[in-house]
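The values are calculated or read from the model by the stated rules, or taken from the named source; none is laboratory data. What you see is a predicted model; the values in this text were computed from it and never measured. FYI the Cβ positions are ideal-geometry reconstructions off the backbone, even for glycines, and counts take in every protein chain you see. Heavy atoms of the whole protein, side chains included, go into the accessibility calculation; ligands, DNA and RNA do not. Shrake-Rupley method; radii C 1.70, N 1.55, O 1.52, S 1.80 Å.
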Amino acid sequence: MSTVVRGKAWRVASHGDPARVVQMREMAWPEPGHGHILIRVRTAGAGHPDQLIATGHFPGLPGPPTGLGAEAAGEVVATAPRSAYRIGDQVLGLTAVDSGWGGLADYTYLQEQGTMRIPDGMADEEAGGFAVGFRTAYAGLVDRAPVEKGQYLVVLGASGSTGATAVQLGRALGAHVVAVTGGPGGRDFCLRCGAETVLDRHAGNLAAQIRAATGGHGADLIYDPVGGTAAVAAMGGLVRNGRIALVGVAGGLPAPIDPLVLLFANLTAIGVYAGGYSAAQDAAAWEALARLARDRKIRTPVGAVRSFADVPDLIATLDNSPPGKVVVRVAV
């Protein structure tokens, strides 16, 4: 390839209403530096973090203009020296969105340590929305708060893209999975993802619902990408010595956990962040996820596929999306 490739990208021009500030720009992508590969994007995932980037509420990112889309899939077009990948490889992975380069573009940089080859049989739409949810779920359910076969795993926000991957991975790991949603609309979706029981957190005392759904045992582990009062309500259903994995704040606020509740019930709150792992740890995680995907024990919970032209409206209306992962088809 030439030293620079050119194409179009959706960029956040300034912070504000995504329908207004997310704008198409002509861009140039130089050859990648160490630790990154450059791909031509076919599909990319979109999610709540993109709203936060557009509105200026995502911490630690460079100011506008900046890119959108933390995950993407496509064909490698350039690599840095000594890369494990080759031009033409079909890959999926985590983008360099933290450096201003997102996946909602004709081309993007992937973090080599956050990349894997697309398993045989995986559709483009699944590949584009695989990386963030499943790498986070692996960090939570294997690395940070390992769930054991036969344990009761309660997943909050289970019909969302992050929760749905935890439902699938938890089931693949042998847990009994209880899905919790914010209404009845995601029930069938969660059952298709592998949940054994689906609870509506607005349908009465959530702790009592959890105890009833587990035959009186209670939850061994809660996977919480929601935060806020939902997490506190669910914690009443934990067994003594139970754990809650704090994964995200999709509800807008962190869980207001009382340390005395943790103390007297011998509970543990565990932070989960899928970044900062060593190369060896990441390689082991991606290898395990690729194996599960090849065996069809996990698959991206695609809820909607949108066109590249739809991105500003898509980002503005993500809160009204159907259950599952929203994926953008960038190129044919």
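May I ask you to list pairs of residues, at least six apart or on different chains, whose Cβ atoms are under 8 Å apart, with the first in the range 268-297 being under 28 Å from Asp258 (Cα atoms) and in contact (Cβ under 8 Å) with a residue 40 or more places away in the chain and the second being in a loop (DSSP other than H, G, I, E, B) and β-branched (Val, Ile, Thr)?
Here the result reads Val272/Val247, each pair linking the range 268-297 to a residue that is in a loop (DSSP other than H, G, I, E, B) and β-branched (Val, Ile, Thr).
For the range 50-79, how many residues are surrounded by fewer than 21 Cβ atoms within 10 Å (Cβ to Cβ) and closer than 15 Å to Leu314 by Cβ? Walk me through how you get there before you give the answer.
Step one: of the range 50-79, the residues surrounded by fewer than 21 Cβ atoms within 10 Å (Cβ to Cβ) are 51-52, 55-66, 75, 77, 79.
Within this subset, residues satisfying the condition of being closer than 15 Å to Leu314 by Cβ are 51-52, 55.
Here the count works out to 3.
Just the residues that are of a type outside the set (Asp, Glu), under 20 Å from Pro322 (Cβ atoms) and either in contact with a strand residue (DSSP E or B) (Cβ under 7 Å, 6 or more places away or on another chain) or surrounded by 22 or more Cβ atoms within 10 Å (Cβ to Cβ) (or both), please, taken from the range 190-218. First the steps, then the outcome.
Pass one, the range 190-218, residues of a type outside the set (Asp, Glu): 190-195, 197-199, 201-218.
Filter once more, keeping what is under 20 Å from Pro322 (Cβ atoms): 190-195, 198-199, 201-202.
Cys190, Leu191, Cys193, Gly194, Ala195, Val198, Leu199, Arg201 - these are the residues of the range 190-218 that are of a type outside the set (Asp, Glu), under 20 Å from Pro322 (Cβ atoms) and either in contact with a strand residue (DSSP E or B) (Cβ under 7 Å, 6 or more places away or on another chain) or surrounded by 22 or more Cβ atoms within 10 Å (Cβ to Cβ) (or both).
Would you confirm, using the coordinates I've provided, whether His15 is out of contact with any Asp or Glu (no Cβ under 6 Å at 6 or more places or on another chain), closer than 17 Å to Pro312 by Cβ and not hydrophobic (A, V, I, L, M, F, W, C)? Walk me through it before giving the result.
Values: out of contact with any Asp or Glu (no Cβ under 6 Å at 6 or more places or on another chain): yes; closer than 17 Å to Pro312 by Cβ: yes; not hydrophobic (A, V, I, L, M, F, W, C): yes.
Yes: the conditions hold for His15.
Right, Gly183: open to solvent by less than 10 Å² (accessible area, probe 1.4 Å) and either of a type in the set (Gly, Ala, Ser) or touching a His at 6+ places or on another chain (Cβ under 6 Å) (or both) or not?
Values: open to solvent by less than 10 Å² (accessible area, probe 1.4 Å): no; either of a type in the set (Gly, Ala, Ser) or touching a His at 6+ places or on another chain (Cβ under 6 Å) (or both): yes.
Criteria not met by Gly183.
Going through the range 36-79 one residue at a time, which ones are among the charged types (D, E, K, R) and not in a helix (DSSP H, G or I)?
Residues of the range 36-79 among the charged types (D, E, K, R): 40, 42, 50, 71, 75.
If the condition is that a residue be among the charged types (D, E, K, R) and not in a helix (DSSP H, G or I), then Arg40, Arg42, Glu71, Glu75 are the ones that fit.
Taking the range 24-35, which residues are open to solvent by 60 Å² or more (accessible area, probe 1.4 Å) and either of a type in the set (S, T, N, Q) or not in a strand (DSSP E or B) (or both)?
Hits for the range 24-35 are Glu31, His34.
For the range 3-11, does any single residue satisfy the condition of being in contact (Cβ under 8 Å) with a residue 40 or more places away in the chain and part of a loop (DSSP other than H, G, I, E, B)?
no
Condition first: open to solvent by 10 Å² or more (accessible area, probe 1.4 Å) and on the phi > 0 side of the Ramachandran plot. Now tell me which residues in the range 80-103 satisfy that.
Scanning the range 80-103 gives Arg82, Gly88.
Return the pairs, sorted by first residue and then second, in which the second residue is open to solvent by 10 Å² or more (accessible area, probe 1.4 Å) and of a type in the set (Gly, Ala, Ser), the first residue lies in the range 129-145 and is in contact (Cβ under 8 Å) with a residue 40 or more places away in the chain, the beta carbons are less than 6 Å apart, and the residues are 6+ apart or on different chains.
Val132/Ala70; Gly133/Ser161; Arg135/Ala274; Thr136/Ala274; Ala139/Ala274
Which number in (1) over 15 Å from the mean Cα position of the chain (by Cα); (2) open to solvent by less than 50 Å² (accessible area, probe 1.4 Å); (3) over 22 Å from Ala46 (Cβ atoms); (4) not β-branched (Val, Ile, Thr) marks the one condition that Asp106 misses?
(3)
Quick one: Thr165 ticks every box in (1) closer than 15 Å to Val302 by Cβ; (2) of a type in the set (Ser, Thr, Tyr); (3) open to solvent by 40 Å² or more (accessible area, probe 1.4 Å) bar one, so which box is it?
Result: Thr165 fails condition (3) only.
Could you figure out which of (1) under 17 Å from Gly93 (Cβ atoms); (2) at pLDDT 95 or above isn't true of Gly275?
Among (1) under 17 Å from Gly93 (Cβ atoms); (2) at pLDDT 95 or above, Gly275 violates only (2).
Counting only residues that are over 16 Å from Ala105 (Cα atoms) and open to solvent by 80 Å² or more (accessible area, probe 1.4 Å), which one in the range 1-16 is modelled with the highest pLDDT?
Only one residue tops the list, namely His15.
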